[in-house]
Amino acid sequence: MTATQVIAPGWTASPSPLPVFEHRLAGYRRIWRGSVFSTFLLPVLFLLGMGISVGAFVNRAGELGVPYLDYIAPGLLASTALQVAIGETTWPVMSAFSWIRTYHAMRASPLRPKDLVGGETLFVSLRVGMSAVGFLIVMILFGTVHSWWGVAALPVALVVGAAVAGPVLAFAATIKSDNMFALLYRFAVIPMTLFAGVFFPVAEMPLVARWIAYASPLWHGVELCRAATLGWPPLLPVAAHVAYLAVWAIVGYLLACSRFAKKLTD
């Protein structure tokens, strides 16, 4: 079997991200049924468990101005986009470098490190988009979308995914043990999920913690998703939120290209 056949059935080996994307897509076609649970059932469980159950107590205070279910639903959408992007750029990438060594086979073709990063980013966008569509459908069924701008939450989810995919790709190409992913989740993913405005206003936190939350890409995604589904203005102008996420995406992409190139020449 030639390198071209390994990396991308149906594509010729050429300097483009598409063969890498097709390689990931070919693998996903075999396991896509397992993602149906996370795409549709998990949003239902989240909204039932947090939005309705916990929300019954939060709504008594009435301080949020909207039902708690409506408040956390867009935050959970943004958080899901972030977690899907990180899930697709951690262990699968480590596997392709160290265990199956797929990337080394790809480098035997005309593919360049930036093509590998680009293909992985395209696949992450596909997975994030699928999850965001599923989550938004569930939100509509729960009656938590109050504006026609709610559909804008889908491109926001894609931008959030791109903002974290690049840095995590670079991280996965740097480490030598998958034990480091536990640290990533413990000190980045979980704190962002809990304290970046998904479940309660960031303004309620101490000043230092508040600015840490503002620095995270998830907070900007949560603000944009909430503005889209509830129809209220975000804390910063929309362009400022998008620009901040774009900086994360661009810098992360360039860093990932650099780390991939170094890893494949070591």
Kindly check whether there is at least one residue in region 100-120 that is without any contact (Cβ under 8 Å) to a residue 24 or more places away in the chain and within 14 Å of ALA173 (Cβ to Cβ).
-> yes
Restricting region 85-124 to residues that are closer than 15 Å to LEU255 by Cα and charged (D, E, K, R), the one nearest to the chain's Cα centre (by Cα) turns out to be GLU120
Given the residues SER258, SER177, which is the only one that is modelled with pLDDT under 95, more than 13 Å from the chain's Cα centre (by Cα) and more than 24 Å from VAL133 (Cβ to Cβ)?
-> SER177
Pairs only if they're at least six apart or on different chains, beta carbon under 6 angstrom, first in region 45-74 and surrounded by fewer than 16 Cβ atoms within 10 Å (Cβ to Cβ), second aromatic (Phe, Trp, Tyr); list them, first residue then second.
-> LEU64/TYR71
Sole residue being among the polar types (S, T, N, Q), crowded, with 17+ Cβ neighbours inside 10 Å and either farther than 30 Å from LEU111 by Cα or at pLDDT below 80 (or both), chosen from THR12, THR39, THR2 | THR39
Selection from region 198-213 of residues that are loosely packed, with under 12 Cβ neighbours inside 10 Å and part of a loop (DSSP other than H, G, I, E, B) | PRO206
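The values are calculated or read from the model by the stated rules, or taken from the named source; none is laboratory data. Please read these numbers as outputs of a predicted model, since none were measured by experiment. For neighbour counting, all protein chains shown are included, and Cβ atoms are generated from backbone atoms with ideal geometry for every residue, glycine included.
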